[in-house]
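The numbers here are math on the coordinates, done by the rules we state, and not lab data. Since we're looking at a predicted model, the values are computed, not measured. Note that each Cβ is placed from the backbone with ideal geometry, even for glycine, and that neighbours are counted across all protein chains shown.
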Amino acid sequence: MTTNAAATTGAAPETAAIRYVKPAKATNAFNEFVLKLTKLGVSVLGSRVLSVRGRKSGEPRSVPVNLLKLDGERYLVAPRGVTQWVRNLRVAGEGQLSVGRRTETFTYTELADHEKPEILRAYLKRWKFEVGVFFDGVDAKASDEKLLEIAPGYPIFKIV
């Protein structure tokens with residue numbers, strides 16, 4: 001695993017490829033809806049509000065994320081690639097996860113590509129209906145080899 005200290009360099013583990021899928025207007029509207037519900041204390045299938053200090057402004061930035069729980073561990077997966085929240089988290093080294101008034105400050109380790117297939121499979125199994133469009137036809141039934149092939153485009157953070 002890559003520690004958050006290494007991740008603050010801005011380089012993704014094991015790859016220099018940078019994948020980013022800009023959100024469509026419909027995605028932005030959906031995210032705003034989920035953000036409001038989650039801030040009110042209604043978690044939508046595990047949603048959390050991720051707040052991270054902006055790397056340029058220093059101001060807190062908030063987005064809804066899906067918190068994956070797997071084998072007693074918790075993960076944040078970036079289905080759209082190296083998004084602003086990913087860049088901010090790498091620089092800040094910590095963030096906050098909230099549902100309603102419950103807030104948890106966390107640090108993380110960023111997973112190396114070879115550690116991602118099991119996490120990607122579980123993430124797709126749980127949220128394919130919501131994020132499948134960002135995976136170009138790859139689903140939870142994909143081979144380990146296929147998941148390993150796409151892994152560089154999907155930053156994953158293990159909450160510690």
- request: Provide the gained length on full extension for the span R102 to L45, in nm with one decimal, where the gain is 0.36 nm per separating residue minus the Cα-Cα distance.
  value: 18.9 nm
- prompt: Which order do T27, T103, T38 fall in if you start with the one that has the fewest other Cβ atoms within 10 Å?
  reply: T103, T27, T38
query: Which distance in Å, rounded to a whole number, links the C-alpha centroids of segment 28-71 and segment 106-145?
result: 19 Å
query: In percent, what relative contact order does the chain have, based on Cα pairs under 8 Å that are 6 or more apart in sequence?
result: 30 percent
query: Ranked by Cβ crowding within 10 angstrom, fewest neighbours first, how are K36, K158, K25 ordered?
result: K25, K36, K158
- line: In nanometres, the difference between 0.36 nm per residue of separation and the alpha-carbon distance of A26 and R55 is 7.8 nm
query: Among Y20, Y108, Y75, whose mean-square fluctuation peaks in a Gaussian network model of the chain (Cα, cutoff 10 Å)?
result: Y20
Kirkwood hydrodynamic radius (C-alpha pairs) into Stokes-Einstein, the chain, 10 °C and 1.306 mPa s, D in µm²/s: 101 µm²/s
field: Packing-based exposure ordering (other Cβ within 10 Å, fewest first) of S57, S51
entry: S57, S51
message: Of T38, L97, L67, which is farthest towards the positive pole of segment 9-137's charge dipole, taken about the Cα centre with +1 and -1 on the beta-carbons of Lys, Arg and Asp, Glu respectively?
response: T38
query: Are any of the pairs K69/K146; K128/K158; K69/K125; K69/K128 more than 18 Å apart by Cα-Cα distance, and if so, which?
result: K69/K146; K128/K158
statement: If every Lys and Arg gets +1 and every Asp and Glu gets -1 at its Cβ, then about the Cα centre the chain yields a dipole, in debye to the nearest 20, of 760 debye
message: Give me a comma-separated list of calculated 3J(HN,Hα) values for segment 102-111, in order, Karplus coefficients 6.51, -1.76, 1.60 applied at θ = phi - 60°, integers in Hz, x for any Gly or Pro.
response: 7, 10, 10, 8, 9, 10, 8, 10, 8, 6
